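Structure, as structure tokens:
Every number here is computed from the coordinates shown, using simple stated rules; none is lab data. All values reported here derive from a predicted model rather than from experimental measurement. Cβ coordinates were reconstructed from backbone atoms using ideal geometry, including for glycine residues, and neighbour counts include every protein chain displayed.
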Amino acid sequence: MRVIKVSEAPSIPLLYHTHHSLEADDLPFWLAWARQQGGPILELGCGTGRVLLPLAEAGHTVFGLDRDAAMLDFLRRQVTDETRDRVVLVRGDLRSYCLASRFPLVLMPCNTYSTLALTERRSALTRARLHLAPQGVFIVSMPNPGLLTELPGDGEPENETSFQHPHTVNPVQVSSQWEQVDEGIQCSWHYDHLLPDGRVERLTLSTIHYPQALNEILREFKEVGLDVIGTFGDFERGSYDIDSPSLIIVAQG
Ligand SMILES: C[S@@+](CC[C@H](N)C(=O)[O-])C[C@H]1O[C@@H](n2cnc3c(N)ncnc32)[C@H](O)[C@@H]1O
């Protein structure tokens, strides 16, 4: 098998979106909070719109903030005529943005919080609090930090799933690999695009996670004036414990 490394950026949002759109377990949770809180909603780190688009399709006005221009361009192309006037996309950094609106609901779904270095979290939390409307709710979800810290130090790649490449319809095999690095735990997603002539185009996306104990996270929320009103361990609102798949924190300003 000859592996070719793919470096062109336009492939990243497409493969990211196709892969992560397979994961929709959290969507009913976000939609329920959106119904309860009403809009406008602010999604921090909206990426390619896996969460933002269903919220807009459900009739909510959604602001999406992301620093990655390629992800936002991809998302902009997914917005339909029907939802266009309910979607506001902003390129910015979730540690330093300043929007004129205040929001009944601010979300940070998926893994984004976990990938902020500990020193960046305070700025992100402070910004989120400042953008909450009165009685507004800020919700962040992340992989269970307790489980992350127990991962084997130098994991081999593990096959996760596969999907059809949306352009070529060839299979794309997805594997993930976790490695301890000095600063935290590096997660790499390998996307192996299997070409009919036997070659494999590999694109790898890596991010570092900074797991932190729940009591430390709660302390940081408190320090910036966010009052935690709930914690969950999954998107069915089960309680959080050491084996929960996720850690979800619900806070008010
Ligand atoms: C794991 S993706 C999540 C995408 C989307 N929320 C979802 O649930 O599928 C993380 C996104 O956060 C964005 N991001 C990470 N750090 C950021 C920062 N400091 N400011 C703005 N966006 C950031 C990345 O560009 C990426 O699009």
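Miscellaneous remarks
- For the range 148-209, the alpha carbon convex hull comes to 88 Å³ per residue, rounded to a whole number.
- Other-chain or far-sequence residues with amide H under 5 Å of G238's (modelled H): G233
- Of the residues P134, P109, P54, the one that moves most in a GNM of the chain with alpha-carbon contacts below 10 Å is P134.
- In terms of its C-alpha gyration tensor, the chain has an oblate overall shape, because the principal axis ratio a/c (a ≥ b ≥ c, square roots of the eigenvalues) is not below 1.5 and a/b does not outweigh b/c.
- Within-13-Å neighbourhood charge of S96 [Cβ basis; K, R +1; D, E -1]: +3
- Shape call, the range 38-188: gyration tensor on alpha carbons, a/c limit 1.5: oblate
- Ranking T204, A24, V106 by how far each Cα lies toward the positive end of the dipole of the chain (charges on Cβ) leaves V106 at the top.
- Relative contact order computed over the range 148-209 (Cα-Cα under 8 Å; 6+ residues apart), in percent: 27
- 11 Å beta-carbon shell around A124, net charge (K/R +1, D/E -1): +2
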